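Presented below is the structure to which this report refers.
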Amino acid sequence: MSLRNKNILVVGGAGYIGAHMVRQLTHAGCGVVILDNLSTGNRKLLQGGSFIQGNLGDADLLDRLFTGNAFDAVMHFAAFSQVGESMHQPLTYYRNNLAETVALLDAMVRYDVKRFIFSSTAAVYGEPVAIPITEDHPCAPTNPYGNTKLAVERMLADCDAAYGLKYTALRYFNAAGADVSGEIGELHDPETHLIPIVLKAADGQIDHIRVFGTDYPTTDGSCIRDYVHVNDLAQAHLLALDALLEGGDSAIYNLGSSNGYSVKEVIAKAEGVTGKKIPVVEAPRRPGDPAILVASSDKIMRELGWTPEYDNLEKIIQTAWNWHLKQK
Ligand code: UFG
């Protein structure tokens, strides 16, 4: 794979996953331009490249960006991604995740940039009818967040048919962990994701972790998720980028570890990694949460040779704990 000197626009490159991506792109020798409005991203996570603060729905800004740079591809990480919040504020999600992406694709088509990598999500599947979930599983999201991501996937298929825009949609399961350097990691305000909250509870920064739902049809009653290391996600993007730049066709891939852990199991593993007792409070279900999401990632392993490095949850939590301790 040679991505040296390729010029990539990374939208949302100051966010959690985008920052890990920028780090790997710069290490691979790519030129990177980051567009981020810092609504959920953070300057502290910037990892080189040139940074432009702005909205991807700003057509004038996009015109300037695409006029001033010859991009080989665009990677799009900029989205609101909280399932619970999307239930209460669906229009915020449709505006940010769907309408703004229309503006971005419109600019790409006008400037003849025809390679696109999209951060999709396991939330497009909804409540699974079969586990592990393969890419041909029916898509029936249970929340507005998943609906917006599925709508973009469908828009991409239409853009491919109409304009020859080639894309890879990567359906992430639960991104977790941090770069081993400890320089970047998950940094949301407020934090809603399980592992960083569990680590705050381990550290005494919050009193307890609430387990949302203990009556799901799972072994211990709490939700089961598939946690995949953020650098493994970024690595998959590099493979997808290389494939598209080599003339590959549009594709959709799951990105997960193929291992499911319940919320209670995550807490127990975190107690092992941190050596701390984590106080737990059982709480009602969080609206919009499917009971079980576990991926089959066989397709991307087979077709692009993706081999995740982080094959167990302790290793993932260890990198998140390392990052957590460096924030103090
Ligand atoms: N959870 C708790 N307590 C908390 C926080 C979370 O019990 O304080 C539970 C949730 O209810 C869920 C699990 O922990 O069952 C994981 O929750 P996260 O909020 O960490 O992640 P989600 O599964 O809701 O969502 C994440 C991404 C989405 C993506 C989804 C795909 O945020 O963008 O993974 O699986 F769609």
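Restricting attention to the range 83-131, the residues that are more than 16 Å from the ligand (Cβ to nearest atom) and of a type in the set (Asp, Glu) total 3.
Filtering the range 124-151 to residues that are open to solvent by less than 30 Å² (accessible area, probe 1.4 Å) and over 20 Å from the mean Cα position of the chain (by Cα) leaves nothing.
Open to solvent by 20 Å² or more (accessible area, probe 1.4 Å) and part of a strand (DSSP E or B): does that describe Ala169? The answer is no for Ala169. Open to solvent by 30 Å² or more (accessible area, probe 1.4 Å), within 15 Å of the ligand (Cβ to nearest atom) and over 18 Å from the mean Cα position of the chain (by Cα) - does that describe any residue in the range 53-75? So far as the range 53-75 goes, no, none of its residues is open to solvent by 30 Å² or more (accessible area, probe 1.4 Å), within 15 Å of the ligand (Cβ to nearest atom) and over 18 Å from the mean Cα position of the chain (by Cα). Within the range 123-142, residues that are at positive phi sit with their Cβ atoms under 6 Å from residues that are surrounded by fewer than 20 Cβ atoms within 10 Å (Cβ to Cβ), at 6+ positions apart or across chains, in these pairs: Gly126/Ala140; Gly126/Thr142.
Is there a residue being within 15 Å of the ligand (Cβ to nearest atom), at pLDDT 95 or above and open to solvent by 30 Å² or more (accessible area, probe 1.4 Å) anywhere in the range 177-191? Within the range 177-191 (the criterion being within 15 Å of the ligand (Cβ to nearest atom), at pLDDT 95 or above and open to solvent by 30 Å² or more (accessible area, probe 1.4 Å)), the answer is no, since none of the residues qualifies. Give me the strands (runs of 3 or more DSSP E) completely within the range 211-289, filtered to those with at least 3 residues that are open to solvent by 30 Å² or more (accessible area, probe 1.4 Å), ordered by residue number. Qualifying strands (runs of 3 or more DSSP E): 280-283.
Just checking, does the range 109-123 include any residue being assigned to a helix (DSSP H, G or I), within 22 Å of Ala162 (Cβ to Cβ) and either among the charged types (D, E, K, R) or open to solvent by less than 30 Å² (accessible area, probe 1.4 Å) (or both)? Yes, some residue in the range 109-123 is assigned to a helix (DSSP H, G or I), within 22 Å of Ala162 (Cβ to Cβ) and either among the charged types (D, E, K, R) or open to solvent by less than 30 Å² (accessible area, probe 1.4 Å) (or both). Just the residues that are touching a His at 6+ places or on another chain (Cβ under 7 Å) and small (Gly, Ala, Ser), please, taken from the range 163-215. Correct list: Ala176, Gly177, Ala201.
Among the residues making up the range 319-328, those that are out of contact with any Ser or Thr (no Cβ under 7 Å at 6 or more places or on another chain) and crowded, with 20+ Cβ neighbours inside 10 Å are Thr319, Ala320, Trp323, His324.
Taken together, Ser39, Ser50 contain a single residue that is small (Gly, Ala, Ser), within 16 Å of the ligand (Cβ to nearest atom) and open to solvent by 50 Å² or more (accessible area, probe 1.4 Å), which is Ser39. Here the condition is being under 19 Å from Tyr253 (Cα atoms) and of a type outside the set (A, V, I, L, M); of Thr101, Thr168, Thr92, Thr142, it holds for Thr168 alone. When the range 19-36 is filtered for residues that are surrounded by fewer than 17 Cβ atoms within 10 Å (Cβ to Cβ) and either hydrophobic (A, V, I, L, M, F, W, C) or in a loop (DSSP other than H, G, I, E, B) (or both), only Gly29 remains. Residue pairs whose Cβ atoms lie under 6 Å apart, sitting 6 or more positions apart in sequence or on different chains, and linking a residue in the range 52-66 that is in the same structural domain as Gly15 (by TED's automatic domain parsing) to a partner that is open to solvent by 60 Å² or more (accessible area, probe 1.4 Å), are Phe66/Tyr111. Cβ-Cβ contacts under 7 Å between residues 6 or more apart (or on different chains), taken from a first residue in the range 189-213 that is of a type in the set (Ser, Thr, Tyr) to a second residue that is in a loop (DSSP other than H, G, I, E, B), are listed as Thr192/Gln82.
The values are calculated or read from the model by the stated rules, or taken from the named source; none is laboratory data. In this text the structure is predicted, and so the values were computed from the model without any measurement. Methodologically, a virtual Cβ is constructed for each residue, glycine included, from the backbone with ideal geometry; neighbour enumeration extends over all protein chains shown. Calculation scope for accessible area: heavy atoms of the full protein, side chains included, ligands and nucleic acids excluded. Shrake-Rupley method; radii C 1.70, N 1.55, O 1.52, S 1.80 Å.
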